[in-house]
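Notes for the one structure printed next.
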Amino acid sequence: MTSQPLQHIVIAGGGSAGWMTAAMLASQLQGNVQITLVESDDIGTIGVGEATIPPIKRFNAMLGIDEHDFIRRCNGSIKLGIQFENWGAQGDSYFHQFGRFGADFDYIPFPYFYLKAQQEGLALPIQEFSAAWQLAKRNKFVPPNTDSRSLFSGYDYAYHFDAGRYALFLRDYAQQRGVVRIEGRIASVQQHAHNGFIKDLLLDDGQVISGDFFIDCTGLRSVLLGQTLGVGFTDWADYLLNDRAVAMQTSADPSLRPYTRSIAHHAGWQWRIPLQTRMGNGNVYSSRFMADDEAGTLLQQTVEGKPLTDPRFIRFQTGHRQQFWQKNCVAIGLSAGFLEPLESTSLHLIQRGIMRLVSLFPDSSCEQEDIDEYNATTQLEYEQIRDFIVLHYHATTRDDSPYWQYCKHMAIPDSLQQKLALFKRHGHLRIDDKALFKQDSWLAVLLGQHIVPAKAAPVTQFKTELDLQRTLAAMQRHLADTASTLTGHEQYLMQHCRFKPD
Ligand SMILES: Cc1cc2nc3c(=O)[nH]c(=O)nc-3n(C[C@H](O)[C@H](O)[C@H](O)COP(=O)(O)OP(=O)(O)OC[C@H]3O[C@@H](n4cnc5c(N)ncnc54)[C@H](O)[C@@H]3O)c2cc1C
């Protein structure tokens, strides 16, 4: 087959994945390739996915989106991290912050000294050295200081927003740049006889949508990659037990916290995601340990604020397609895989999938080397995130229910096992340069869930001139004192990007 530049890309599905893909391709391909998106109003979208992580700022910036305009239109709020409650033990609480802890001592990372000080009796939790936490616990927010010498330059932030509004926002963006939207249900998919490449989508109403490259954004159904091309699924249910969620919205939290809350219960956990005018709530659980009606009742009994919607039940499977790209079809979004929402990584994986596709952008022949590269890198990314999420479940002292007993004793991936063993010795963490979660994220969860190294890193012995306890106490005081003088989160939003319904 002779290869030609792609002429027509068809995106199947219009949830967050579909419209993020359409927007970025429209921006990057600049009208040189026709883009059509097919979505079904009858089927609708999954309707959750409202907490993000910092790289989304880069995605929006690449699209040229004005941050305040985006927050204003999507009912957004700021997210400085996640507060985990009842995870390491019942009654516990710790913060997984975005960004760094403290300041490094010359070239030696701060955490090594923190761990040493802790072994010498320092009682302060590590989050006290996070500017993000010092702001979060006071419901404050200002953008990070641009002066890299400031302790307030090392934190980061992301957003909470209304997923439906984000998809509509990106839909406007993409349509203004030439993306054609077709409403209709895909009834069947036709393939070329000679190579199995996808040829057309046939819609319920008889329309035929032809293309030379197809992006499967059909969510958990995975209509193209899974159902049509028959790509199998790698199931991670043994590591990640949760397979159900029930979601409902309630009235806004008057304190408008700049962080997500993740509250563990006896068979899973609950999320609380504060938007400007409402709260998103959900209960994520394992059907092996909790029945749907129990999960719904638990959610209704524990939410704060006035219910705005009825509980809505969602089923999912954790894991990923064995290949993410096959022939002329790549899956992006839930059609590619799902790792449960604990660390808000799904929209990020969508973003990564899109950017990887842009950098390996094919022509009509779809070279196998590019496909292999895409699949191998994406799989590694899923595995690295999986390990980090599994850590939250496994590193627990809880054994108050069969669910937590299973998590505590379950077999974990070798890659995680090795990481834990190394850390437990003297606090080293082996982190791949390209991994999403870096050292300080791992530390937040490890220490927050009571995994402590046996001894301090040997390198800390050489900084004998340092009065560690006094230096750390001064650092913590500076962070706390400065944070208390900064702007409130609500005040920041009202001043710059107050939600305006259309
Ligand atoms: C309980 C839960 C909580 C989550 N929380 C977070 C979070 O906090 N942060 C985060 O980053 N992610 C989260 N996620 C994941 C996030 O919701 C998804 O990654 C994101 O919404 C993208 O979904 P999607 O676009 O792939 O699928 P969907 O939203 O399901 O969209 C699928 C699209 O395909 C269309 N479609 C399907 N079949 C057909 C057909 N036959 N014909 C035509 N169109 C069709 C649908 O109409 C729809 O437009 C969560 C997921 C779950 C389950």
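Just one of (1) open to solvent by 40 Å² or more (accessible area, probe 1.4 Å); (2) under 16 Å from LEU347 (Cα atoms); (3) out of contact with any Asp or Glu (no Cβ under 8 Å at 6 or more places or on another chain) fails for GLU67. It is (2). The condition of being closer than 22 Å to LEU339 by Cα and part of a strand (DSSP E or B) holds for GLN270. In the set (1) within 16 Å of the ligand (Cβ to nearest atom); (2) at pLDDT 95 or above; (3) aliphatic (A, V, I, L, M), the condition left unmet by VAL48 is number (2). Could we say that ALA291 is more than 10 Å from the ligand (Cβ to nearest atom) and either free of Cβ contacts under 8 Å to residues at least 40 places away in the same chain or buried (at least 21 other Cβ atoms within 10 Å of the Cβ) (or both) here? Yes, satisfied.
Can you confirm whether segment 15-27 contains a residue that is outside any helix (DSSP H, G or I) and within 16 Å of the ligand (Cβ to nearest atom)? Break it down stepwise before answering.
Restricting attention to segment 15-27, the residues satisfying the condition of being outside any helix (DSSP H, G or I) are 15.
Next, only the ones that are within 16 Å of the ligand (Cβ to nearest atom) stay: 15.
Checked against the condition, which is being outside any helix (DSSP H, G or I) and within 16 Å of the ligand (Cβ to nearest atom), segment 15-27 yields at least one hit.
The residues of segment 179-188 that are open to solvent by 40 Å² or more (accessible area, probe 1.4 Å), more than 8 Å from the ligand (Cβ to nearest atom) and out of contact with any helix residue (DSSP H, G or I) (no Cβ under 8 Å at 6 or more places or on another chain), listed by number, are VAL180, GLU183, SER188. Residue pairs whose Cβ atoms lie under 9 Å apart, sitting 6 or more positions apart in sequence or on different chains, and linking a residue in segment 1-18 that is open to solvent by 20 Å² or more (accessible area, probe 1.4 Å) to a partner that is in a loop (DSSP other than H, G, I, E, B) and acidic (Asp, Glu), are SER3/ASP363; SER3/GLU367; GLN4/ASP212; GLN4/ASP363; PRO5/ASP363; GLN7/ASP212; HIS8/ASP212.
Return the only residue of LYS57, LYS79 being of a type outside the set (Gly, Ala, Ser), surrounded by 24 or more Cβ atoms within 10 Å (Cβ to Cβ) and within 16 Å of the ligand (Cβ to nearest atom). If you could, list the steps in order and put the result at the bottom.
Numbers: LYS57 fails: surrounded by 24 or more Cβ atoms within 10 Å (Cβ to Cβ).
Of LYS57, LYS79, the one residue that is of a type outside the set (Gly, Ala, Ser), surrounded by 24 or more Cβ atoms within 10 Å (Cβ to Cβ) and within 16 Å of the ligand (Cβ to nearest atom) is LYS79.
The number of residues in segment 296-345 being of a type outside the set (Lys, Arg), more than 17 Å from ALA247 (Cα to Cα), open to solvent by 10 Å² or more (accessible area, probe 1.4 Å) and more than 10 Å from the ligand (Cβ to nearest atom) comes to 3.
In this structure, does ARG73 turn out to be within 20 Å of ILE332 (Cβ to Cβ), surrounded by fewer than 24 Cβ atoms within 10 Å (Cβ to Cβ) and of a type in the set (D, E, K, R)?
Spelling it out, it is not the case that ARG73 is within 20 Å of ILE332 (Cβ to Cβ), surrounded by fewer than 24 Cβ atoms within 10 Å (Cβ to Cβ) and of a type in the set (D, E, K, R).
Residues of segment 203-222 that are within 12 Å of ALA331 (Cβ to Cβ) and within 10 Å of the ligand (Cβ to nearest atom): ASP216, CYS217, THR218, GLY219, LEU220, ARG221, SER222.
Screening segment 107-146 for residues that are modelled with pLDDT of 95 or more and polar (S, T, N, Q) and picking the one that is most open to solvent (accessible area, probe 1.4 Å) gives THR146. Please find, among GLY178, GLY211, the residue that is at positive phi and more than 22 Å from the chain's Cα centre (by Cα). Only one candidate qualifies: GLY178.
Is it the case that LEU391 is away from the ligand (no atom under 14 Å from the Cβ), touching a Leu at 6+ places or on another chain (Cβ under 9 Å) and outside any loop (DSSP other than H, G, I, E, B)?
On the way: away from the ligand (no atom under 14 Å from the Cβ): yes; touching a Leu at 6+ places or on another chain (Cβ under 9 Å): yes; outside any loop (DSSP other than H, G, I, E, B): yes.
When the stated conditions are applied, LEU391 passes them.
Looking only at segment 203-222, which residues are part of a strand (DSSP E or B) and surrounded by fewer than 19 Cβ atoms within 10 Å (Cβ to Cβ)? Full working, then the answer.
First, pick out the residues of segment 203-222 that are part of a strand (DSSP E or B): 203, 208-210, 213-216.
LEU203, VAL208, SER210, listed by residue number.
Scan segment 347-364 for residues that are open to solvent by 40 Å² or more (accessible area, probe 1.4 Å) and either within 12 Å of the ligand (Cβ to nearest atom) or under 13 Å from the mean Cα position of the chain (by Cα) (or both) and report the count. Number satisfying all stated conditions: 1.
Okay, residues lined up against (1) touching a residue at least 60 places away in the same chain (Cβ under 8 Å); (2) surrounded by 16 or more Cβ atoms within 10 Å (Cβ to Cβ); (3) in a loop (DSSP other than H, G, I, E, B); (4) more than 10 Å from the ligand (Cβ to nearest atom):
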residue: GLN190; (1), (2), (3), (4): no, no, no, yes
residue: ALA193; (1), (2), (3), (4): no, no, yes, yes
residue: LEU201; (1), (2), (3), (4): yes, yes, no, no
residue: LEU224; (1), (2), (3), (4): yes, yes, no, no
residue: THR234; (1), (2), (3), (4): yes, no, no, yes
residue: LEU240; (1), (2), (3), (4): yes, yes, yes, yes
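Checking the structure you have, find out if any residue of segment 118-125 is assigned to a helix (DSSP H, G or I) and within 15 Å of the ligand (Cβ to nearest atom). Within segment 118-125 (the criterion being assigned to a helix (DSSP H, G or I) and within 15 Å of the ligand (Cβ to nearest atom)), the answer is no, since none of the residues qualifies.
The values are calculated or read from the model by the stated rules, or taken from the named source; none is laboratory data. These numbers were taken from a predicted model, which means no experiment stands behind them. Note that we place each Cβ from the backbone using ideal geometry, even for glycine, and neighbour counts take in every protein chain shown. Just the protein is used for accessible areas: all its heavy atoms, side chains included, with ligands, DNA and RNA removed. Shrake-Rupley method; radii C 1.70, N 1.55, O 1.52, S 1.80 Å.
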